[in-house]
Structure formats: C-alpha cells, structure tokens
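These notes are about the structure you will find just below.
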Amino acid sequence: MPVDSAVANPIAYSTAPPIAAGLLAWYDRAARRLPWRAPPGDPPADPYRVWLSEVMLQQTTVAAVGRYFAEFTRRWPTVEALAAADDAEVMGAWAGLGYYARARNLIACARAVAAAGGRFPDEEAGLRALPGIGDYTAAAIAAIAFGRRAVVVDANVERVVARLFRIETPLPVAKPAIRGAADGITPDMRAGDFAQAMMDLGATICTPKRPACAICPLIDHCAAFRAGDPERFPAKAPKAARPERKGTAFWLEAEGAVLLVRRPDKGMLGGMRALPTGPWTDADPGLAGAPRSAAWRSAGKVAHVFTHFALELDVVTAVASGRDAGEGEWWPVARIGEAGLPTLFAKAARLAQKARGKDGE
DNA sequence: AATCCGTGGAT
DNA sequence: TATCCAAGGAT
C-alpha cells in the first residue's frame, strides 16, 4: 500500500496542497519531541503507545500526561500486559489524571484488543468500535500509528481551521463546517504528521490567546490574520454558570487504618477509591451518610472545582474502637499515599491527618 | 442534543 | 482571584 511509503518519505509533501505543504515543512523543523511520538518522516510509533497517549491526552495537557505515560509503559509495556492487570492497579495508577471513565474504558479496550490477538485495528471504523475511542481518537490512531489518511479534529484543529477560514458560526454548531474545512486541507500523504503538525501549531503558535501570528507558517493562508482578529475565533456559545454544592467526607480511623470505599462505576469519580461521603447538595448535608454514628469532629473544609460544579467538602474525623467487616476497605493510614485517591479525596485525607496530628498522637 | 465527567497550568 | 481551557467520549 502507498500508506507505508507515505509515512517513510519525509519529502512527500512537495505535491500536497499549499497549506499542508507549508505546515509539513514547518513540522519537519519544529516538531515537538514527545515520548509517544515518532520524529517527522520516521516510521510510525507503536500503536499501543499511540493509543495510550491519545487516551491520556483527551482533554488533558501534555505536561500532565508525561509522568503517567512513563509509569504506565514501564508497568505495562504491551497491550497484553495491560489487559492482564488488575482493575484496581490500573485505576490507582490513573488517580489524579481525571476523567476516570477513561481508565475504565482503557482496561476494557486493552482486553478487547488482547482477546482479538493483540493487534489494534488499522482502520478508523475498527478503532471507533472500541471502548473509549471516539471520532477524534479513531482518526488520530489511524493516521499516526498506521499512516492512513484521516480527518483528525481536536480543539487545536478547530481553532486553527476556524481562524484559517474565519468561520463565524459559534461552536458547537460549527463542528460540521470545521470538519469539512479540515477535510479539504488534509493531504493524502503523511496524514499522521499533518495531524500532529496541526496540533503542535495550535499548542505553540495558534494559541487561544495572543497567537504568535508573526512566526506562523500559515500566515499567508489565514483569513483571520488578514482581517486582524484571529483571537475572536473560534466563536463559542456562552457557557452555563457553575453551581456550588456542599458535602461531608468521613475519615474514620481504627487501629492505624482508615475506612475507604470504592465509588460506583457510574457518576463522579466512578470506580475510584474514596472516603465515604454523604450526598452532594445545595444545602450542607451535615452528618447524613455517615458510615456509623460516632463523635465526629470537623477537620476543616476542602474546596474543589469540577467541570460543571464547585464542591465544598466538610472533612470530619472520628476514631472507632474496632473495624467492622463489610463497611469498606480498611487502609493503613501510613500508606494512604498509595491508595490511589482522586485529587479531591487526597486533599481531604491530608486535611484529616493534619487535624488528627494536632489532636495528640 | 445536551449533559455529565477532573485536573492543573496559563493568563 | 476568577476564568479559561486542554490530543473528547458516553449517554
């Protein structure tokens, strides 16, 4: 197939449309070197690493992904190794990275691929059918790991394209038009490099605020630059206000261990270890939902902002005389850092321990 | 189709 | 400090 030669030949853009040609020439000079990425013009990176990085990078910055990618590939170097891992180990390793449905889907996807022989599908449709792989990720893996021509549209591409063509329609209504425009500039050759070049451009030059148009390789093609208003694009629909909720987290200690629970798979922080909590509501729920009645004392409050609401969590502590089976999981306090708590509960745990330390000990 | 789902860095 | 926003997906 011409796919392989397209990937292997770094000069294959010479006959590409002008925008792609200019962008690929820039990419050959300026590509960011990233642990999961093959250098420009090189053969594609390992599909497992491409897939893992793409899932981690969903709505997540390159800087945040770095050490998680290193740790995951160290512990699970292949898709078969990841498929064989315990769920709790993987969820714990993901703790702090956010959007935990990604970790649950990551496990399911690894097992589906391993069960099918350990090779990822090399076309968009097959990839799209796997858990946690949507339109963007399917296109990205097909292009980056397999050299397929695919229209890869993430938030960077949306911004670059909206500016190039000065698309006035606000997101998300503009998505089909933006995808059509992206299709129109996607070359047949080096589709993976082109996709990564668009994302590098969006991340380093065509930034949301104060884009560095003076050094942009596409300056001669950009309608928004010509009009003098690139920062206006992409237009976006106004977003809803963020409500505030209140809740209580319970730190129950007995014999040097603290009671942890596993949250339900669906909903906030699904599938993660956590401190027991009551409801998260408009009004302060007090001690509703306490794992048992006890002399609860407040250690203070933790503020945490999620995507669609802000939470103020009152952290209360108590010491129990003994452990009851079936309440949850009694975790050694001294090793709480290894429990894989999401950030909200890691903050709450720090506060609880600080308060307990003051009490005496 | 609109809503739900985390976190931390940049501005 | 408050707001924005990032290599989106599932329902």
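The values are calculated or read from the model by the stated rules, or taken from the named source; none is laboratory data. Since the model is a prediction, treat every value here as computed from it, not as a measurement. As a convention, Cβ positions derive from the backbone with ideal geometry for all residues, glycine included, and neighbour counts pool all protein chains shown. Keep in mind that these areas ignore ligands, DNA and RNA; they rest on the heavy atoms of the full protein, side chains included. Shrake-Rupley method; radii C 1.70, N 1.55, O 1.52, S 1.80 Å.
Computed from the C-beta positions of A:LEU287 and A:ARG262 and an R0 of 25 Å, the FRET efficiency is 0.70 to the nearest 0.05. The order of the peptides A:93-105, A:110-122 by mean Cβ neighbours within 10 Å, most packed first, is A:93-105, A:110-122. What FRET efficiency would be calculated for the residue pair A:ALA108, A:THR61, taking the C-beta separation as r and a Förster radius of 35 Å, to the nearest 0.05? Between A:ALA108 and A:THR61 the formula returns 0.90. Modelled spin labels at A:ALA125 and A:THR169, positioned 7 Å past Cα toward Cβ, are 2.7 nm from each other. One chain, two ends: A:GLU312 and A:ALA155. Fully extended at 0.36 nm per residue, the span grows by 53.5 nm beyond their Cα-Cα distance.
Positive-end ranking of A:PHE165, A:GLY22, A:GLN58 along the dipole of the range A:2-232, with charges on Cβ about the Cα centre, is headed by A:PHE165.
Using C-alpha pairs below 8 Å separated by at least 6 residues, the relative contact order for chain A is 16 percent. Computed over chain A, the per-residue total of -39500 (n - 2.57) for DSSP H runs of n ≥ 4 gives a 222 nm mean residue ellipticity of -12500 deg cm²/dmol, rounded to 500.
Its Cα centre serving as origin, chain A has a Cβ charge dipole (Lys and Arg +1, Asp and Glu -1) of approximately 780 debye.
Assuming R0 = 30 Å, what is the FRET efficiency of A:ALA254 and A:LYS301, from their Cβ-Cβ distance, to the nearest 0.05? Numbers along the way, then the final one.
Values: r = 24 Å, r/R0 = 0.80.
Working from the Cβ atoms, E equals 0.80.
A 31 angstrom limit on the alpha carbon distance is what I want to check against. Which of A:LYS209/A:LYS246; A:LYS266/A:LYS347; A:LYS175/A:LYS301 exceed it? Numbers along the way, then the final one.
Details: A:LYS209/A:LYS246 34 Å; A:LYS266/A:LYS347 22 Å; A:LYS175/A:LYS301 41 Å.
Over 31 Å Cα-Cα: A:LYS209/A:LYS246; A:LYS175/A:LYS301.
Between A:ALA70 and A:ALA203, the contour length at 0.36 nm per residue exceeds the Cα-Cα span by 45.7 nm. Rolling a 1.4 Å probe over the protein chains gives A:VAL316 an accessible area of about 10 Å².
Taking every DSSP bridge with both residues inside chain A, close to 60 percent are antiparallel.
Work out how much length A:ASP46 to A:GLU244 would gain on full extension: take 0.36 nm times their residue separation and subtract the Cα-Cα distance, in nm to one decimal.
66.9 nm
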